[in-house]
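The values are calculated or read from the model by the stated rules, or taken from the named source; none is laboratory data. None of the values given here were measured: they were computed from a predicted structure. Counting neighbours? That spans all protein chains shown, and the Cβs are built from the backbone with ideal geometry, glycine included.
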Amino acid sequence: MTKETFKIVFMGTPDFAVESLKTLVENGYNVVGVVTMPDKPMGRHQTELSASAVKQYAVAHGLPVLQPASLRDEAFLSALREWNADLQIVVAFRMLPEVVWAMPPYGTFNLHAALLPQYRGAAPINWAIINGETETGITTFFLDHDIDTGKIIQRVPVPILDTDNAEDVHDKLMLLGARLVQETVDAIIEDRVNPIPQETLTEGEILRPAPKIFRETCRISWEKNLKEVYDFIRGLSPYPAAWTELVCGERRQVLKVYAAEKEFASHTSQTGSLQTDGKTFLKVALKDGWLHLKTIQLSGKRRMTVDDFLRGFHADVDMYVE
């Protein structure tokens, strides 16, 4: 069997998945159909519909698209069977029921944005940075009954720089992941796959999860040390963004922090207190130094640099965050 005759169904939704689909299409693989999320209502009155990034790419390249509300819907399952795929590929989609992932003769594999078995879950990129990791990676693995636990096909490590935020790591993994998807398909077609149970890689390791992130997850705890707060901010930047409450006298406003720099230093200032010259810098006191805020957004305002923020903001001497 060749890549031209080997039938592939691709499943995914966001930009992260588009790169893998694009690589398959542009390199002549036989993608017979695409499954993605239903169009989302948008606009003030929720009357307009927004197609996923994967759907937009698929439609532009003449690929058939299915958008099931339920992955157990009989009409969807019937349409999926008609594609008669040899293999299904999942990149940033949804948890599949067995009736879907077990359908093709060569199974279904997933591209995960971490080095499994570490960081199983919905937000592996964010949590790896939040936890201060210096390395993450990408993994392809066959789906089975439990989320992110199937046998590993291939893994590729990727460094995390101290200045990387979630967007930086996302873009690295997106490009390398697309390449790994192609390599994994080639290995399956050529019968060069020797899947490894994840249990063989967990001995002596404490497994770190990567659960879904909610608004309250993103609140900054200023009692942590400087490095932890710095990692927390970049792990949530640019989306959904770490936030805190800025207190100026009687005023309390939500402040999102997108970028910061750390300065390790001894001082006697109260943790959470702010210092500024009113023009060029705004920094928060932590127990082991200062966090210099660089890009921020006050509730109801646009995202801006600290310089721009200070030009239109009256700094109070008793200003602090909590």
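Some points to look at:
- Among the candidates PRO124, PRO105, the residue that is farther than 30 Å from ALA260 by Cβ and not hydroxyl-bearing (Ser, Thr, Tyr) is uniquely PRO105.
- Any hit, the range 29-42, residues being out of contact with any Gly (no Cβ under 6 Å at 6 or more places or on another chain), more than 25 Å from MET174 (Cβ to Cβ) and not in a loop (DSSP other than H, G, I, E, B): yes
- Across the range 140-158, not a single residue is classified as modelled with pLDDT of 95 or more and of a type in the set (Asp, Glu).
- Subset of the range 202-232 that is under 29 Å from THR149 (Cα atoms) and of a type in the set (Val, Ile, Thr) - its residue that is nearest to the chain's Cα centre (by Cα): ILE213
- From the options ARG72, ARG94, residue that is basic (Lys, Arg) and out of contact with any Pro (no Cβ under 7 Å at 6 or more places or on another chain): ARG94
- If you go through the range 95-106 and keep only what is touching a Leu at 6+ places or on another chain (Cβ under 7 Å) and either in a loop (DSSP other than H, G, I, E, B) or buried (at least 24 other Cβ atoms within 10 Å of the Cβ) (or both), you end up with LEU96, PRO97, MET103, PRO104, TYR106.
- Close pairs (6 angstrom Cβ cut-off, 6 or more residues apart or separate chains): assigned to a loop (DSSP other than H, G, I, E, B) in the range 184-208, charged (D, E, K, R) anywhere: PRO195/LYS151; PRO197/LYS151
- Matching residues, the range 112-135, being out of contact with any Lys or Arg (no Cβ under 9 Å at 6 or more places or on another chain), buried (at least 24 other Cβ atoms within 10 Å of the Cβ) and either among the small types (Gly, Ala, Ser) or in a strand (DSSP E or B) (or both): ALA113
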